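The values are calculated or read from the model by the stated rules, or taken from the named source; none is laboratory data. Not measured: the values here are computed from a predicted model. When we count neighbours, we look across all protein chains shown, and the Cβ atoms used for this are built from the backbone with ideal geometry, even at glycine.
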Amino acid sequence: TTLATRVPLQSPTLRTDDPSLFLVIDSSAPDLGTLAELENNEIKKRATDVFASTLRRIDAPKGVAYLKENGSANSGRLEVWLENAGFSFDIHPKAHEYRLIPWPSAGILYSVRGGTDAGIWFSKAR
């Protein structure tokens with residue numbers, strides 16, 4: 001059974017305590033496609049224009065962070081999909097890169113290259 005097509009090279013985000021898997025499918029470019037959640041052999045599409053190499057699972061609250069295409073060659077829209085809430089929200093429209101920080105306070109550390117927001121920012125998990 002084929003569950004997905006046009007799947008770009010990536011490292012799917014697995015978690016041992018959770019049966020779901022997040023990956024990018026329906027690739028329109030080498031690293032760009034649709035964020036999908038695979039659970040119990042069912043694909044649920046969550047977001048479009050997602051860079052496959054940027055997916056990272058979040059433990060609390062449960063979800064996945066990623067960069068989306070934003071029309072810029074040097075940045076992407078940093079978003080988070082929250083599994084239990086069932087929706088996504090923007091962290092920043094022009095993030096260059098990001099890392100999940102578990103301690104001393106869980107959240108996302110991200111950088112912005114230019115403009116009035118240039119610098120390193122922290123978004124605390126709540």
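Observations, loosely collected:
- Conditions (1) surrounded by fewer than 13 Cβ atoms within 10 Å (Cβ to Cβ); (2) farther than 23 Å from Lys124 by Cβ: number failed by Phe51: (1)
- Condition met for Lys45 (under 27 Å from Arg6 (Cβ atoms) and without any contact (Cβ under 8 Å) to a residue 60 or more places away in the chain): yes
- Considered as a group, the residues in the stretch 55-76 that are without any contact (Cβ under 8 Å) to a residue 24 or more places away in the chain and farther than 20 Å from Arg126 by Cβ include one that is surrounded by the fewest Cβ atoms within 10 Å (Cβ to Cβ), and that residue is Ala73.
- Residues of the stretch 19-31 classified as surrounded by fewer than 20 Cβ atoms within 10 Å (Cβ to Cβ), in contact (Cβ under 8 Å) with a residue 24 or more places away in the chain and farther than 17 Å from Asn84 by Cβ, total: 1
- Just one of (1) surrounded by 15 or more Cβ atoms within 10 Å (Cβ to Cβ); (2) on the phi < 0 side of the Ramachandran plot; (3) touching a strand residue (DSSP E or B) at 6+ places or on another chain (Cβ under 6 Å) fails for Ala106. It is (3).
- Selection status of Leu38, modelled with pLDDT under 90 and not aromatic (Phe, Trp, Tyr): yes
- Being surrounded by fewer than 17 Cβ atoms within 10 Å (Cβ to Cβ), acidic (Asp, Glu) and closer than 24 Å to Val7 by Cα is true of Glu39.
- With respect to (1) free of Cβ contacts under 8 Å to residues at least 40 places away in the same chain; (2) more than 16 Å from Ser20 (Cβ to Cβ), the lone exception for Ala125 is condition (1).
- Some residue of the stretch 98-118 being out of contact with any Phe, Trp or Tyr (no Cβ under 8 Å at 6 or more places or on another chain), among the aliphatic types (A, V, I, L, M) and over 24 Å from Ala36 (Cα atoms): yes
- Taking the stretch 35-48 as the range and being within 16 Å of the chain's Cα centre (by Cα) and farther than 20 Å from Ser75 by Cβ as the test, the residues that pass are Ala36, Glu37, Leu38, Lys44, Lys45, Arg46.
- Those strands (runs of 3 or more DSSP E) of the stretch 61-126 in which 1 or more residues are under 11 Å from the mean Cα position of the chain (by Cα), closer than 25 Å to Ala29 by Cβ and acidic (Asp, Glu) occupy 76-82, 87-95.
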